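Here is the structure we will look at.
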Amino acid sequence: MTIRRLSVRLAGQIAAGEVVERQCSVVKELLENSVDAGARSIRCDLEGAGRVLIRVRDDGCGIPKGELALALAPHATSKISSEEDLSHITTLGFRGEALASIAAVSKLTLSSRTHDEPDGFCVSCLGPEMDASIMPCPHGVGTTVEVRELFFNTPARRRFLRSDRTELARIRDVFTRCAMAHPAIGFELWSDGKLLQKARAASDEPSRMRRLALLAGAEFSEAPIKVQCDDPQLKVEGIALMPQDAAAGGAEKCYLFLNGRPIADRLALHAVREACSRFSPGRALPRCVLYLACDPSEVDVNVHPRKDEVRFHNAAAVHDLIEQALFSALCAAREERQEGALLSAVDGEKAARAGLDAPSGDGAAQPAPARSPSDASMQAAQPSPQGGSFIAAKENASTSGAAGRPWHARDPGGERPGPQLKPQGPQGDGRIRAASAPQQQSPLPEAPQGMGGALPDFPDGQGAFVSSPCALGDLPPLGEKDEARERVRQMELRIRGRARAEEAAIPEAPARRASAPLLLGMPAPGVALVGMGGRYLLVQIKALAAELAARSFAKAVRAGDVQRHKLAMPFSIRCGEQTLKALKQNAAALERCGFEASLKKSAAEILSVPPELAQCDLASFSQKAFSVIAASSGLSSGECPEQLARAVGEASASGLGTGAASAQAVLSKEGSEDAIRAIMGRGAADPKIPEMAMEMMEAPR
């Protein structure tokens with residue numbers, strides 16, 4: 001077979017096949033050229049779904065008259081000039097073959113004008129062998145490219161095109177992705193004189209969200225979840241929705257952008273799907289819009305002529321960062337919604353109880369039913385409406401039959417007497433007297449009233465409310481300090497009762513052990529008010545979770561049964577030569593800590609990690625952990641360094657939520673009491689509520 005040089009026409013048509021597959025390929029190349037030209041507004045006009053006409057006009061920098069003909073030449077570009085530029089690409093187009101390839105299979109006209117030129121000029125080209133002639137034409141600042149009769153000289157290609165409806169749908173997808181990648185640019189898409197899509201330039205967050213919902217779909221405006229990662233290797237930001245069950249129908253909606261370039265990279269898509277499958281096991285369809293940014297020198301975009309596939313230099317790290325960022329955002333959103341459901345349930349219960357306590361009808365007072373003397377004595381045993389405080393008139397010691405006996409004295413039967421009020425009648429003296437007969441034990445109410453409502457009598461010391469009979473005889477009047485102490489005690493009882501009601505409303509909360517600390521409330525995100533051992537403590541939940549995880553990890557290391565979590569893709573970190581040498585000599589210690597790694601010349605490729613680290617930032621943790629493991633000499637025998645255990649605990653608690661559900665789960669774990677005592681002063685504090693209340697009561701008025 002004879003070797004011969006291909007004609008310019010044939011070579012151009014072959015090259016065009018790599019770049020121009022169908023109408024949407026032309027639209028993509030022309031839109032990217034307009035973006036690279038610094039346009040602030042881009043308009044695309046179609047006729048016959050692009051078969052008859054594709055026109056893209058922008059208000060960018062324009063092309064000088066002397067370079068119009070060169071712009072249509074093969075491999076001519078203004079984007080790169082040296083081999084160094086090829087390894088640091090910051091533009092969308094750089095090959096210099098888009099216009100030449102389009103011109104080879106269409107009738108192309110290029111019109112442009114720069115700021116420095118008073119008039120515009122145009123150049124026309126009919127196939128690759130036609131001589132380009134430059135002519136003046138009226139044109140504003142910017143560039144217009146008209147592509148008519150696509151594939152007019154390659155009829156075989158035209159026969160493989162789909163229907164106008166299908167091709168128009170593909171063009172709209174390309175247009176949408178380009179508009180989503182550049183929110184600061186206004187885009188318009190017209191077809192046969194009708195406006196199909198318009199996206200105004202967005203300059204602030206609300207307008208960007210409205211624009212995103214317009215382009216990606218209305219569902220992205222309903223409860224979007226913010227995704228963010230600020231790792232030095234890769235920055236991730238965007239929004240996501242809760243994964244959709246594939247059994248319920250629907251399709252994936254995953255829009256990925258890298259440095260302003262729409263991509264369909266398999267590695268990034270796998271990371272997104274892996275995060276959704278971890279969050280919702282089964283066939284979960286991801287729905288997200290993620291903007292990735294990294295150093296251009298760390299990614300190769302010159303992999304495919306369409307430039308929608310890229311190759312990351314550190315693919316494993318990029319995969320794990322994307323997966324972890326999306327997974328953490330979904331978990332945080334789920335916990336926030338559970339917290340919202342909890343608060344709504346508690347508020348609804350309070351509103352329902354307030355409705356029950358409200359007067360019926362038009363609010364008029366209802367006549368009280370006739371009561372027997374025994375009913376009156378039973379009502380006298382109830383606390384006063386003023387928050388459970390006792391109001392008694394002061395009386396002389398001489399008129400009190402039991403002035404010298406303390407009010408909390410027990411009767412001969414050993415029961416604690418409950419103070420009871422005698423209603424003041426016409427001759428009522430207002431003194432507190434004991435009931436003449438023992439009363440039945442009152443059951444625990446379903447839920448406590450508000451801070452100012454009535455409570456049952458006194459607790460029996462074990463948390464259950466009872467009504468005990470009083471000892472015979474009169475009780476001495478309460479002094480001002482006694483009343484203050486009683487108010488504080490009654491307030492503590494209300495707080496504990498309300499916390500029990502809120503705790504019961506927490507969805508899917510683990511069963512609390514009898515000795516576990518009691519969650520009373522969340523004064524601030526991540527800080528819990530806890531009742532433990534008769535004290536009230538403020539506990540930082542992440543500090544407590546870190547202490548528990550550190551103790552659990554150290555115990556597992558001593559026992560030699562640390563579990564392993566297999567990573568979806570290996571994760572590589574750079575280590576010093578001395579660290580790698582020590583790790584190779586101490587491989588048993590690395591395995592005892594739950595790590596499986598392939599140690600290379602200048603890096604360690606991590607294959608498995610302890611389960612506590614499955615959701616942490618491995619990039620920042622591994623450097624510290626490997627240095628400690630390399631320097632430790634007792635790990636092989638089961639002595640876990642405290643520094644390593646604390647590092648594992650902090651990394652494990654880094655992704656913990658700040659709501660009541662997370663706090664309840666941590667407080668319910670075994671050993672939480674000892675862990676709280678261990679972090680006193682650095683993660684837990686005693687607010688000393690009773691002492692503070694007494695100081696406020698004794699302050700001068």
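The values are calculated or read from the model by the stated rules, or taken from the named source; none is laboratory data. This structure is a prediction, so every number in the text was calculated from the model and none was measured. Neighbour counts run over all protein chains shown; Cβ positions are idealised from the backbone, glycine included.
Scanning the stretch 656-673 for residues that are touching a helix residue (DSSP H, G or I) at 6+ places or on another chain (Cβ under 8 Å), at pLDDT 85 or above and in a loop (DSSP other than H, G, I, E, B) yields K669, G671. A single entry from F621, F595, F571 fulfils the requirement of being under 26 Å from I679 (Cα atoms) and among the aromatic types (F, W, Y): F621.
Scanning the stretch 70-86 for residues that are outside any helix (DSSP H, G or I) and in contact (Cβ under 8 Å) with a residue 12 or more places away in the chain turns up L72, A73, P74, H75, A76, T77, K79, I80. Look at L538 and say whether it is within 16 Å of A675 (Cβ to Cβ), surrounded by 19 or more Cβ atoms within 10 Å (Cβ to Cβ) and modelled with pLDDT of 80 or more. Considered against the rule, which asks whether it is within 16 Å of A675 (Cβ to Cβ), surrounded by 19 or more Cβ atoms within 10 Å (Cβ to Cβ) and modelled with pLDDT of 80 or more, L538 comes out as no.
Of the candidates I676, I606, I629, the single residue that is over 21 Å from the mean Cα position of the chain (by Cα) and not in a helix (DSSP H, G or I) is I606.
Of all residues in the stretch 151-176, those that are touching a residue at least 24 places away in the same chain (Cβ under 8 Å) have Cβ atoms under 8 Å from Cβ atoms of residues that are surrounded by 17 or more Cβ atoms within 10 Å (Cβ to Cβ) and of a type in the set (V, I, T), 6 or more apart or on another chain, in F151/V105; F152/V105; N153/V105; T154/V105; R157/V105; I171/V27; V174/V27; F175/V27. Within the stretch 561-612, the set of residues being under 22 Å from P232 (Cβ atoms) and in contact with a Phe, Trp or Tyr (Cβ under 9 Å, 6 or more places away or on another chain) comprises I573, C575, T579, L580, A597, A604, E605, I606, V609.
Conditions tested, residue by residue: (1) modelled with pLDDT under 90; (2) out of contact with any strand residue (DSSP E or B) (no Cβ under 8 Å at 6 or more places or on another chain); (3) among the hydrophobic types (A, V, I, L, M, F, W, C).
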{"site": "D300", "(1), (2), (3)": "yes, no, no"}
{"site": "H319", "(1), (2), (3)": "no, no, no"}
{"site": "E323", "(1), (2), (3)": "no, no, no"}
{"site": "A329", "(1), (2), (3)": "no, no, yes"}
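Return yes when A582 is modelled with pLDDT of 75 or more, part of a helix (DSSP H, G or I) and farther than 23 Å from Q324 by Cα and no when it is not. When the stated conditions are applied, A582 passes them.
Take the conditions (1) more than 25 Å from the chain's Cα centre (by Cα); (2) over 26 Å from L667 (Cβ atoms); A559 misses just one of them, which is (2). Scanning the stretch 600-613 for residues that are out of contact with any strand residue (DSSP E or B) (no Cβ under 8 Å at 6 or more places or on another chain) and either buried (at least 21 other Cβ atoms within 10 Å of the Cβ) or at pLDDT 80 or above (or both) yields one hit, E612. A554 falls short on exactly one of the conditions (1) in contact with a Cys (Cβ under 8 Å, 6 or more places away or on another chain); (2) surrounded by fewer than 18 Cβ atoms within 10 Å (Cβ to Cβ); (3) of a type in the set (A, V, I, L, M), and that condition is (2). Taken together, P262, P243 contain a single residue that is of a type outside the set (A, V, I, L, M, F, W, C) and under 15 Å from the mean Cα position of the chain (by Cα), which is P243. Residues in the stretch 640-662 that are within 17 Å of S328 (Cα to Cα), surrounded by 18 or more Cβ atoms within 10 Å (Cβ to Cβ) and of a type outside the set (D, E): A651, S652, A653, L656, G657, T658, G659, A661, S662. Does the stretch 518-530 include one or more residues that are closer than 30 Å to A316 by Cα and modelled with pLDDT of 75 or more? No, that holds for no residue. Of the candidates R701, R682, the single residue that is modelled with pLDDT under 75 and outside any helix (DSSP H, G or I) is R701.
In the stretch 629-653, the residues that are on the phi > 0 side of the Ramachandran plot form Cβ pairs under 8 Å with partners that are of a type in the set (D, E, K, R), at six or more places apart or across chains, as follows: G638/R558; G638/R592.
R287 meets all of the listed conditions (1) free of Cβ contacts under 8 Å to residues at least 24 places away in the same chain; (2) crowded, with 23+ Cβ neighbours inside 10 Å but one, namely (1). Looking at the stretch 271-305, which of its residues are of a type outside the set (F, W, Y) and touching a Gly at 6+ places or on another chain (Cβ under 7 Å)? Within the stretch 271-305, L285, C288, V289, L290 meet the criteria.
Selection of the stretch 29-57 for residues being of a type in the set (D, E, K, R) and under 16 Å from L108 (Cβ atoms) yields E29, D45, E47, R51, R55, R57. Every test in (1) under 21 Å from A543 (Cα atoms); (2) out of contact with any Leu (no Cβ under 8 Å at 6 or more places or on another chain); (3) at pLDDT 80 or above; (4) not acidic (D, E) is passed by C616 save one, and that test is (3). Within the stretch 262-275, is there a residue that is in a strand (DSSP E or B) and crowded, with 16+ Cβ neighbours inside 10 Å? Yes, that holds for at least one residue. From the residues in the stretch 102-132 that are modelled with pLDDT under 85 and not hydrophobic (A, V, I, L, M, F, W, C), which one is farthest from T144 (Cα to Cα)? The extreme case among them is E129. The helices (runs of 4 or more DSSP H) found entirely in the stretch 121-235 that carry 2 or more residues being of a type in the set (S, T, N, Q) are 164-181. Taken over the stretch 663-685, the criterion of being exposed (fewer than 15 other Cβ atoms within 10 Å of the Cβ) and within 12 Å of Q540 (Cα to Cα) is satisfied by M680, G681, R682, A685. Of the residues making up the stretch 224-256, those that are surrounded by fewer than 20 Cβ atoms within 10 Å (Cβ to Cβ), among the aliphatic types (A, V, I, L, M) and farther than 22 Å from P281 by Cβ number 0.
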